Each structure stands twice: as C-alpha cells, then as structure tokens.
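Mind looking over this structure? Questions follow.
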Amino acid sequence: MSEQQPQGQKEKVMGKINEIKKNVESFIADVNVNELKESLNTMVKDAQKDFNKLVDKDLGNLKSKFQKEKSVLEKKAKKFYDNHKKEISALQNKFEKMVKKAEKKPAAKAAPKVATTKKKVNKKVVAAKKATKKVSKK
C-alpha cells in the first residue's frame, strides 16, 4: 500500500499542474496581447501628461515665490542702506580728514630732505663723468 500512496500523490500533483496549464492557456487565449500593450501605452502616456502638468504647476509656484522673496530682500537691503547711509558718509568724511592731516605733516618735513640729497648726488655724478671724459680724450 505504501507504494500506491506516492503514486497517488504524483497523480494529484500532475493533475494540478495540468489544471494550472489549462488556466494559463485559456487566459492567454482570452487576452489579446496587442490590446494589452496599447492599453498600457495609453496609461503610461496619461500618467506622463499628469506628471508634467504637476511639475509645470509646481515650477510656476516656485518662480512666483522666488520673485516675491527677491522683492522683499531688495526692499530690506535698500532700507538698510538708507538707514546706514548717514553713518557711512560721516565715517568717510572723518577718514578723509585724517588722511589729509597725515599727508600735510610728513610731506612738509620730508620734502626738503629729499631735495637736498638728490642735488648732492647729481653733482657728484656730473663731476665724475666730466673727469672720465677728459681722461679718455688725452
């Protein structure tokens, strides 16, 4: 009897496999593959259109938000500049006065020293050149 049970189980499994095979064949026969492809293509195209509409809408929203933020920042920067313009010009004037004072004091003292040293150097150079010329002519 034990030999009949495994053979009975084999027959059951083969019967189930044949039943599944028949179901798959009938499904394939019922469904037209070309129609399925076309329906899938139309579904994909529709999904792409919907996605593109959403993306375009989001881009438009982002652009408008960016423009609003830009204008707000420009207004804030202008206000900041206008508020600090007086302080900046006052500091600039102080700085220019200090520079002018600094230029006047050292320039008056340094000018005579520079002029006298240059004159002495020029005289020595001129005298040396004249002496060399006389020697070369003889």
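For every residue, the table says whether it meets (1) exposed (fewer than 10 other Cβ atoms within 10 Å of the Cβ); (2) in a helix (DSSP H, G or I); (3) modelled with pLDDT of 90 or more; (4) at positive phi.
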| site | (1), (2), (3), (4) |
| --- | --- |
| 55 | no, yes, no, no |
| 58 | no, yes, no, no |
| 73 | no, yes, yes, no |
| 90 | no, yes, no, no |
| 99 | no, yes, yes, no |
| 108 | yes, yes, no, no |
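Can you tell me which condition residue 12 does not meet? The list is (1) modelled with pLDDT under 90; (2) under 25 Å from the mean Cα position of the chain (by Cα), and all the others hold.
Against the list (1) modelled with pLDDT under 90; (2) under 25 Å from the mean Cα position of the chain (by Cα), residue 12 comes up short only on (2).
The values are calculated or read from the model by the stated rules, or taken from the named source; none is laboratory data. Keep in mind that what you see is a predicted model, and the values were worked out from it rather than measured. Cβ coordinates were reconstructed from backbone atoms using ideal geometry, including for glycine residues, and neighbour counts include every protein chain displayed.
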